[in-house]
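**Student:** Starting off with a structure, shown below.
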């Protein structure tokens with residue numbers, strides 16, 4: 001099985017970037033399944049059921065989320081009706097939605113997807129390591145190929161989870177920092193690992209946000225509304241090849257497409273910031 005994983009989609013610019021590049025990437029890599037982190041797809045903070053449906057229709061088979069999952073009240077009410085979306089499994093047990101899923105593909109293949117959130121420099125959550133133990137045991141009863149999205153701030157926490165799960169899942173891919181790391185490799189027992197897949201969003205920015213707003217916050221310490229930047233985008237992600245029977249990874253490579261102004265549509269909206 002070939003998996004295309006797309007890093008954090010940031011606002012309307014990120015959604016448009018995915019629409020521009022996903023058809024060609026599907027043609028080039030021929031993935032069996034496309035999975036994306038979409039927790040920032042609505043103006044850079046949270047996501048709505050409607051946007052998830054639109055991205056699903058555009059060719060993304062499944063979605064993971066993260067610490068901003070509940071920023072949009074529409075998703076709190078609507079997530080249970082979306083069987084191709086998972087939120088962090090180590091959220092409180094009484095939260096809506098689910099933390100893992102098995103996607104059944106058109107050709108009969110299956111893939112398990114587990115979403116976790118880190119605890120270092122993040123909001124309180126249950127232990128992602130112990131949560132993964134229980135979730136993987138359940139997923140392995142239905143499928144051999146399992147991808148884990150570890151949505152976390154600290155690189156060390158992501159790497160530790162990779163080693164902890166080595167040989168028990170196909171891949172551990174980090175999200176959340178919006179900056180793609182250069183450490184894609186296959187761990188000794190067969191699990192592909194990447195500390196962070198990066199983002200799909202405007203790169204004339206600070207991790208997708210207008211630079212002046214972020215610099216003002218750092219310089220003054222005063223609160224400021226963060227708006228998604230405009231302009232050309234970066235498309236970040238990874239491609240993982242897995243053995244269908246064992247679930248072990250055979251290959252992992254990163255994707256990084258950096259657009260220029262020439263790649264953008266000529267309408268002014270594609271270059272303008274998106275208000276949160």
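Throughout, read-outs are computed from the coordinates displayed, never taken from laboratory work. These numbers were taken from a predicted model, which means no experiment stands behind them. For neighbour counting, all protein chains shown are included, and Cβ atoms are generated from backbone atoms with ideal geometry for every residue, glycine included.
**Student:** I'd like the orientation of helix 11-29 relative to the chain: the angle between its Cα long axis and the longest Cα principal axis, in ° from 0 to 90, rounded to 10.
**Tutor:** 50
**Student:** Quick check on the range 2-263: of the DSSP beta bridges with both residues there, what percent are antiparallel, nearest 5%?
**Tutor:** Antiparallel: roughly 50 percent of the beta bridges in the range 2-263.
**Student:** Counting other C-beta atoms within 10 Å, which of 113, 206 has the fewest, and how do the rest follow?
**Tutor:** The order, fewest Cβ neighbours first, is 206, 113.
**Student:** Can you tell me the 0 to 90 degree angle between the C-alpha axis of helix 128-139 and the longest principal axis of the chain, rounded to 10?
**Tutor:** 60
**Student:** Measure nothing fancy, just the Cα-based angle from helix 211-220's long axis to the longest principal axis of the chain, in degrees from 0 to 90, nearest 10.
**Tutor:** Once rounded, the angle reads 90 degrees.
**Student:** Shifting gears a bit: Whole Å is fine, so just give me how far the alpha carbon centre of the range 96-169 lies from that of the range 195-228.
**Tutor:** Computed from Cα coordinates, the inter-centre distance equals 28 Å.
**Student:** Of the candidates 158, 57, 189, which one comes out as most mobile in a Gaussian network treatment of the chain with C-alpha springs shorter than 10 Å?
**Tutor:** So, out of 158, 57, 189, the one fluctuating most is 57.
**Student:** Please arrange 173, 159, 240 by counting, for each residue, the other beta carbons lying within 10 Å of its beta carbon, fewest first.
**Tutor:** Fewest-to-most ranking of 173, 159, 240: 159, 240, 173.
**Student:** The chain: D in µm²/s via Stokes-Einstein (Kirkwood Rh, Cα pairs, 4 °C, 1.567 mPa s)?
**Tutor:** Details: Rh = 18.5 Å.
Once the numbers are plugged in, D ends up at 70 µm²/s.
**Student:** Select from 81, 208, 99 the residue whose mean-square fluctuation is largest in a Gaussian network model of the chain (Cα-Cα springs shorter than 10 Å).
**Tutor:** 81
**Student:** If we count other beta carbons within 10 Å of each Cβ, what is the order of 130, 194, 256, fewest first?
**Tutor:** Ordered by Cβ neighbours within 10 Å, fewest first: 130, 256, 194.
**Student:** Kindly state, to the nearest 0.05, the FRET efficiency for residue 218 paired with residue 142, given R0 = 45 Å and r defined as their beta-carbon distance.
**Tutor:** With a Förster radius of 45 Å, E is 0.45.
**Student:** Please check: in the Gaussian network model of the chain (C-alpha springs, under 10 Å), which one of 142, 210, 259 has the largest mean-square fluctuation.
**Tutor:** It is 142.
**Student:** Next question. Hey, for a label at residue 183 modelled as a point 7 Å past Cα toward Cβ, could you say which residues of the range 135-173 have their backbone N under 18 Å away?
**Tutor:** Under 18 Å, as judged by backbone N against the label point of residue 183, lie 148-167, 171-173 of the range 135-173.
**Student:** Same structure again: Which value, to two decimals, describes the C-alpha radius of gyration of the range 76-148 once divided by 2.2 N^0.38 Å?
**Tutor:** 1.14
**Student:** Oh, and also: Per residue, how big is the convex hull of the range 130-276 when only Cα atoms are used? Give it in Å³.
**Tutor:** 149
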